[in-house]
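The values are calculated or read from the model by the stated rules, or taken from the named source; none is laboratory data. Keep in mind it's a predicted model, so treat the numbers as computed, not measured. We place every Cβ from the backbone using ideal geometry, glycine too, and count neighbours over all the protein chains shown. Calculation scope for accessible area: heavy atoms of the full protein, side chains included, ligands and nucleic acids excluded. Shrake-Rupley method; radii C 1.70, N 1.55, O 1.52, S 1.80 Å.
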Amino acid sequence: MSTTTLAPAVSNPPARVADVWYPLRRSAEAVLVPLAALAGAVGLFSVFLLALGQSPLDFLDLVWRGAFGSWFSVQNTVQRASPLLLTALCVAIPGQLGLVIIGGEAAIVLGGLAATVAALPLIHTAPVIVWAAMAIAGSAMGAFWIGLSGWLRAKLNVNEVIASLVLSYIGLALFNHFVEGVLRDPASLNKPSTYGIGDQNMLDTVPWLDVHPGMPAGIAACIVCWVLIYRTGFGFASRVTGGNIRAAQLQGLPVTKLILTACAIGGGCAGLAGAIEVAAEYGRANASLNAGYGYTGILIAFLARFNPLAVMPMAILLGGLGAAGGLLQRRMGLPDATIQVLQGLIFVSILASDTLYGRFRWFQPRGTA
Amino acid sequence: MTTAIGVEAVGIGKHFGSFHALSDVSLKVRPGSVHGLLGENGAGKSTLVKCLLGYYRTDEGQFIVDGREASIERPADADALGLGMVYQHFTLVPSMTVAENLVMSRQNVPNIVNWRSEIAGLKRFMETMPFKVPLEVQVGSLAAGERQKTEIVKQLYLQRRFLVLDEPTSVLTPPEATEMLGLVRDLAHSGALTIVIITHKLKEVAAFVDEVTVLRRGRMAGSGSVRDLGPADLTAMMIGEPHAPKNPERQGIPSAEARLVVSGLRTAPDAGRKGLSIGSIEVHAREIVGIAGVSGNGQKDLVEVLGGQRPAESGSVTVDGAPYRASRTESLAHDVRVLPEEPLRNGCVPSMTVVDNLNLRGFDVGPGKSHRSWLDRAGMAARARNMIAAYGIRTPSPSAPIGVLSGGNVQRCVLARELDGDVRLLIVANPCFGLDVKAVAETRTRIMAARNAGTAVLLISEDLDEILELADRIVVMHEGQVVHEMPAKGADPQEIGRHMLGQH
């Protein structure tokens, strides 16, 4: 073969029109994929219910009524969602840096304990002082506890999942040690508790709306965190670090400082949740604080893809499921763990749905060659 | 020994959605020849090869292997026909011996391997090979050239009769590349197998290839015998323009002022490799110092130390006389910029938008280098628009994640970002790795322009041609040490190659 052929030169393609709808489609993808995952989880759960001989439609109807059907159930949902807003932030903020912190449960109980301890010497001053002291002590404790996991990660390169999980066990053990030991009110017989902060220092429900006082605090925290992550240099640097730590290092970003700060902010939120629970619900620190809010927060943060604004609807959703639990138990005779089965299915399908991103051409930018 | 087979592709078409990766591409490879497959990045070379090897299914056209129409639907079909490929990046397991790697690669490895008979069989096989590789040595301890030979031996061991080599010399020194390509050509001409070489390097094409097929934008741009085609014809076919890109022009001479001084730098050994032990490297203003070396001789560690990704054990790095630890404050104060190798992996956040990635340097910098706490989103978008226009970055939208851009456009983004504004010191690592001819010329021109404007440039590259073209001074690294230093003008590639291999 010694002939030489030269095909005509291909002319340059015409300049492409910018794909103006792409950002919108990208947002749509971020909303639709978790929704599809939720639908998938509900589908799997229906199979589970059918196997138990129950009707999935009855189940959905009861969940709706138990969560949002009456003013009472709405209040119940909000009451459960409020701490979830803050414990989800405990996962979502470090999550922006690519860290998976699962120790929110310890941050909430230790935050509640620290808030109670800070309140006790002040109970005869003004409630405002007590509340301020509780908020500061609770947040500081949570920040310290989650900050420990961050410090282990940043300084010693310890896997933060393991560190926060183990520290969570240690935190719960410490909590029990204090509540059942030196801080125990001898009058609390069958449920060991600390001394109370006094009825006059309890937080009332929000005026006019008559909902749990943690709600405005949680919503405010979500909005502040969203601004922090998407509108400030700190948030930008955090997202760069989470997206590609090598690029962050090359840009000279203070990775250690960012990790510590993000963990402290997240832990502070969870600690604040503990303080609010004590001030609004129990009046003292006891095992009621250890209600699994820290763990459900992990689920919410993943459902929200670590976006603080998306945490809000997801917390309401999961709070509603929790609120409907009692009704389901009574009406359908389902065991208490049923809701946990559903939560587990949601978590697994959310994690699995991560592989769906980028799979559908419709969401992709047009005109890349 | 096996006998070579010919392969013909007729009217191959392959599209991904609306994007036509290949349309009506035909290729004829004679048995026992060395065929060059040329083209820019994204021209469709790898798509064509992947179709042939069964990783993709063609939408149109057919392959004729050894004179018979062949339906290749999965890699196993290609395997059965004796078609094989040597990838750009090595696929041998470094912690296993050559013999273990060879046996492991076979389809039918018995559950219990009788090593004595396997080794005996391998020795008999090796007798028939035109070049030898040691059987009982760990692959990790072989030099790059030896490893490449082992990859080829592995393909022959697997009874391949048609072999695709993807950029086979990109990790080799010039003497190694010459030796390896010579061996491959002799193998082909002996009739043992047919070779297709995917390459950018026109010098290698001229010296070792019999015939070429050139692709451009998924279409045939031409084909023919190398004897009839000059480098100018080939370049014209590859990029569709009659003129080859010009070498960037060097203006002015290096100043006496040392911008970057590295002295007594040591790092800890890492994963069995020696750490750095650098006596001294100086880079002056308006000077490009090229660091040459075989991959894995400490160049990467040096870039990581200078970029703040790896701590130094001892020694000092100073910029403009002040100690430099690559913090954001220091790099901003001294205008130090880094063009890392593999820019998407080292210099970008793939999930963030093009706008965000173009602002990684500047998002927290206000007027007059002041610190900014709130993002100036309008300012970021405007700066990004300017960079996109100035560097001709092709992106579907400024708010597309940078991960969807092609390699050349990612590199343009990083160039735009790192060369924006005043640059006093630029650290560059393998800037043209994996880029097409046009993007390579553009990148080199930008680097040379920065130098001409007075920037001190430290260029770390595994491509000796690049160093010879750009550098004012050449430093050779071997096993973490600076082993040789010379002016670039009149430097002899063969001599540099010897120093790169540790023969001083």
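Summary table below
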read-out: Positive dipole terminus of the protein assembly as shown, leading residue within B:VAL103, A:PRO313, B:LEU193 (C-beta point charges); value: A:PRO313
read-out: Accessible area buried, both sides summed, chains A and B with 1.4 Å probe, Å²; value: 4000 Å²
read-out: Simple label model, 7 Å out from Cα along Cβ direction - B:ALA268 to B:ARG106, nm; value: 4.3 nm
read-out: Percent RCO, i.e. relative contact order, over chain B, from Cα pairs under 8 Å lying at least 6 residues apart; value: 16 percent
read-out: Heavy-atom accessible area, 1.4 Å probe, ligands and nucleic acids excluded: residues of segment B:212-229 down by at least 10 Å² from chain alone; value: B:ARG216, B:ARG217, B:ARG219, B:MET220, B:ALA221, B:GLY222, B:SER223, B:GLY224, B:SER225, B:ASP228, B:LEU229
read-out: B:ARG345-A:LEU174 pseudo-label distance in nm [points 7 Å out on the Cα-to-Cβ vector]; value: 4.1 nm
read-out: In segment B:105-145, the trypsin sites (Lys or Arg not before Pro) that fall in loop regions by DSSP, at most 15 other Cβ within 10 Å; value: B:ARG106, B:LYS132
read-out: Over 27 Å (Cα to Cα) - which of B:LYS300/B:LYS369; B:LYS28/B:LYS201; B:LYS203/B:LYS438; B:LYS50/B:LYS201; B:LYS45/B:LYS274; B:LYS123/B:LYS300 fall in this group; value: B:LYS300/B:LYS369; B:LYS45/B:LYS274; B:LYS123/B:LYS300
read-out: Reduced Cα scattering model of segment B:408-453, Debye log10 I(q)/I(0), q = 0.14, 0.24, 0.30, 0.33 Å⁻¹; value: -0.30, -0.88, -1.30, -1.46
read-out: Reduced Cα scattering model of segment B:130-234, Debye log10 I(q)/I(0), q = 0.17 Å⁻¹; value: -0.85
read-out: Size of electric dipole in chain B: Cβ of Lys, Arg +1 and of Asp, Glu -1, about Cα centre, debye, nearest 20; value: 680 debye
read-out: Three-way shape label, segment B:322-387, alpha-carbon gyration tensor, a/c 1.5; value: oblate
read-out: Cα pair count fraction exceeding 40 Å, expressed as % - chain A; value: 22 percent
read-out: Alpha-carbon Rg/Rh ratio, for the protein assembly as shown, with Rh computed the Kirkwood way; value: 1.04
read-out: Hull-based mean projected area of segment B:7-239, where the convex hull spans the alpha carbons, in square nanometres; value: 13.1 nm²
read-out: Shielded by partner chains, segment B:391-431 residues - at least 20 Å² of accessible area, 1.4 Å probe, vs chain alone; value: B:ARG394, B:PRO396, B:SER397, B:SER399, B:PRO401, B:VAL404
read-out: Of all accessible heavy-atom area on the protein assembly as shown, the percent that carbon and sulfur account for (1.4 Å); value: 58 percent
read-out: Where chain B is the region considered: accessible area per residue in Å², 1.4 Å probe; value: 41 Å²
read-out: Inter-chain shielding of B:308-319 (mean C-beta neighbours from other protein chains, 10 Å cut-off); value: 1
read-out: Scaled radius of gyration (Cα, divided by 2.2 N^0.38 Å) that segment B:350-421 gives; value: 1.05
read-out: Label zone at B:ALA76, where the point sits 7 Å out along the Cα-to-Cβ direction: segment B:113-145 residues whose backbone N lies under 16 Å; value: none
read-out: B:GLU69-A:VAL158 FRET efficiency (beta carbon distance; Förster radius 56 Å; 0.05 resolution); value: 0.40
read-out: Of B:VAL261, B:ALA21, B:ALA429, farthest towards positive along the dipole that unit charges on Lys, Arg, Asp, Glu beta carbons give the protein assembly as shown; value: B:ALA21
read-out: Relative frequency of Cα-Cα separations exceeding 42 Å in chain B, percent; value: 24 percent
read-out: Area projected by the alpha carbon convex hull of segment B:65-182, averaged over all directions, nm²; value: 8.5 nm²
read-out: Separation in nanometres of the label points that stand 7 Å from Cα toward Cβ, at A:TRP362 and A:SER188; value: 5.4 nm
read-out: At R0 = 41 Å, FRET efficiency that the Cβ-Cβ distance of B:GLN138 and B:SER255 yields, to 0.05; value: 0.30
read-out: Relative packing of peptides B:482-495, B:420-433 - highest average C-beta neighbours within 10 Å first; value: B:420-433, B:482-495
